[in-house]
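For reference, the structure discussed in these notes is given below.
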Amino acid sequence: MPTREPGRHCKRCGEIIRWNAARFIGLRPFCSEPCAILWLSDEASRTAWDRAALEMDRRSLNLRHRVRLLRASWWASVAQRRLDRRLDAGPRAEDLPWIWLPSPRGAAALLLVLIAWAAAGGPAPETRAMIPLAPSPAPPAIVAVTPPEPAPPSPPPASPPAPAPPRAVVSPSPPPAERPAPTRPNPLPRVVADDITRGDLTVREVVFTFDGGDEANVAGEILDILWARRIQTTIFLTGQFIRVYPDLVRRMVDEGHEVGNHTDAHPHLTTYEKNHHQQTLPNVTREFLVGQLGRAEESFRRLTGQAMAPYWRAPYGEHNAEIRAWAAEAGYRHISWTRGVGTAEDLDTRDWVTDHSSRIYRSREEIATRILEFGRGRPEGLNGGIVLMHLASHRKTDRPHEGLPQLLRTLQSQGYRIVTVSELLDHLPGDQRSATPAATPLPAPDGRSPAQ
């Protein structure tokens, strides 16, 4: 077996580097600009999480903890600046310096700040500045109590002693129990914090939704298939996807597809991966989720000049009523996929599973059969179904998206319309059709051709 030559393989994907297309971040070589940007994005996310974990640890405020927190905050800021600089450079990214070093003046200033804070005994700089975890306790009520004055020594009757100057009286503040906790708001009504899993059971229409995380190796082929059938659908994208694949995103918008929010960095939100329970992770707060949605929205707006559709899909399907309520406050309604009778019947294609021996692996033919036979024997059939697929596939053969043309033709021949999420919700009953208070569902793209 040939020996792997050090420094000649991409630090992210491991592919052999063609030096005429190589990109560098410091001394780290990458095979292409997307790999370099994805590595920077991963580094920014990792350092931000490290900083957040230290900020949430309130058990110790000793010097060692403050040193670690200050170092983590500094590295997180550096990683984010490097990512922003790389993205702003655009086609001139290869002109960026190969090696980044902090200035001696900046390092000395950070050291002096650390020493000053340690000597003062106060909390480290920026502690709890990024992710507020809980409302600060209300200050105790101050009651104006005037201590008794000593009796004057036999004052003359005609000249009584001057009264003591009045003390400032501070009104008691409300008890802490009455203050609402911003990180755990009361759940909103179901109509705005619900989980949409299906449309109207009386209308023959289906939504094929596609999720884009940080890869897009089959996205172009999927868009070609949809364009050939003149079909517009809803695609959920992360902020990372939008920044790394701007041409694909512009094409989606130009061809009339509806783009929803898939968060910025595709983080885990609940404990489902560990215990199969949808319990909110300790580090996931309202501010964290709104920040994830907001950064993805901002990336899309800067690229296209448009707002995202007011729908979102949680990464890994991890969500609960509390998380959906936070998103609803930000103007987003959660869209899942359709589940039928029992756990075996659903419209999750499992197209991301690559192991043929896995019990949840589904071949291209099995995926098509499950969709076409969904609800068979029941009056509603596939009506209002929401199908889940992805814009990336690690399968070398038996790739699910290659069966889309025949599947779409069959569905349309059976009288089903392939629609967007907005169109699907338009046919729901009035109380379920209502959008979140902060947003209104976007109309179908202008010039949409009817399904063929």
> So which of Arg333, Arg378, Arg364 is under 24 Å from Glu423 (Cα atoms) and either surrounded by 15 or more Cβ atoms within 10 Å (Cβ to Cβ) or of a type in the set (Gly, Ala, Ser) (or both)?
Replying inline: Arg333
> So Glu297 fits all but one of (1) buried (at least 20 other Cβ atoms within 10 Å of the Cβ); (2) among the charged types (D, E, K, R); (3) in contact with a Lys or Arg (Cβ under 9 Å, 6 or more places away or on another chain); what number is the exception?
Replying inline: (3)
> Can you tell me which residues in the range 52-77 are at pLDDT below 75 and not in a loop (DSSP other than H, G, I, E, B)?
Replying inline: Ala52, Ala53, Leu54, Glu55, Met56
> Mind checking which residues of the range 286-337 are closer than 22 Å to Leu83 by Cβ, of a type in the set (Gly, Ala, Ser) and touching a residue at least 60 places away in the same chain (Cβ under 8 Å)?
Replying inline: Ser299
> Out of all the residues in the range 392-415, which are of a type in the set (Ser, Thr, Tyr) and crowded, with 17+ Cβ neighbours inside 10 Å?
Replying inline: Ser393
> How about the range 252-284: which of its residues are under 12 Å from the mean Cα position of the chain (by Cα) and in contact (Cβ under 8 Å) with a residue 40 or more places away in the chain?
Replying inline: Gly260, Asn261, His262, Thr263, Ala265, His266, Pro267, His268, Leu269
>> Between a residue in the range 226-245 that is at positive phi and any residue that is not hydrophobic (A, V, I, L, M, F, W, C), which pairs come within a Cβ distance under 7 Å, given they are 6 or more apart or on different chains?
In response: Arg230/Ser449; Arg230/Gln452
> Mind checking which residues of the range 311-329 are crowded, with 21+ Cβ neighbours inside 10 Å and either out of contact with any Pro (no Cβ under 9 Å at 6 or more places or on another chain) or within 22 Å of Leu248 (Cβ to Cβ) (or both)?
Replying inline: Tyr311, Trp312, Arg313, Ala314, His319, Ile323, Ala327
>> surrounded by fewer than 21 Cβ atoms within 10 Å (Cβ to Cβ), within 23 Å of His319 (Cβ to Cβ) and among the β-branched types (Val, Ile, Thr): which single residue out of Thr197, Thr233, Thr202 fits that description?
In response: Thr197
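The values are calculated or read from the model by the stated rules, or taken from the named source; none is laboratory data. All values reported here derive from a predicted model rather than from experimental measurement. A quick note on method: Cβ atoms are made from the backbone with ideal geometry, for glycine too, and the neighbour counts reach across all protein chains shown.
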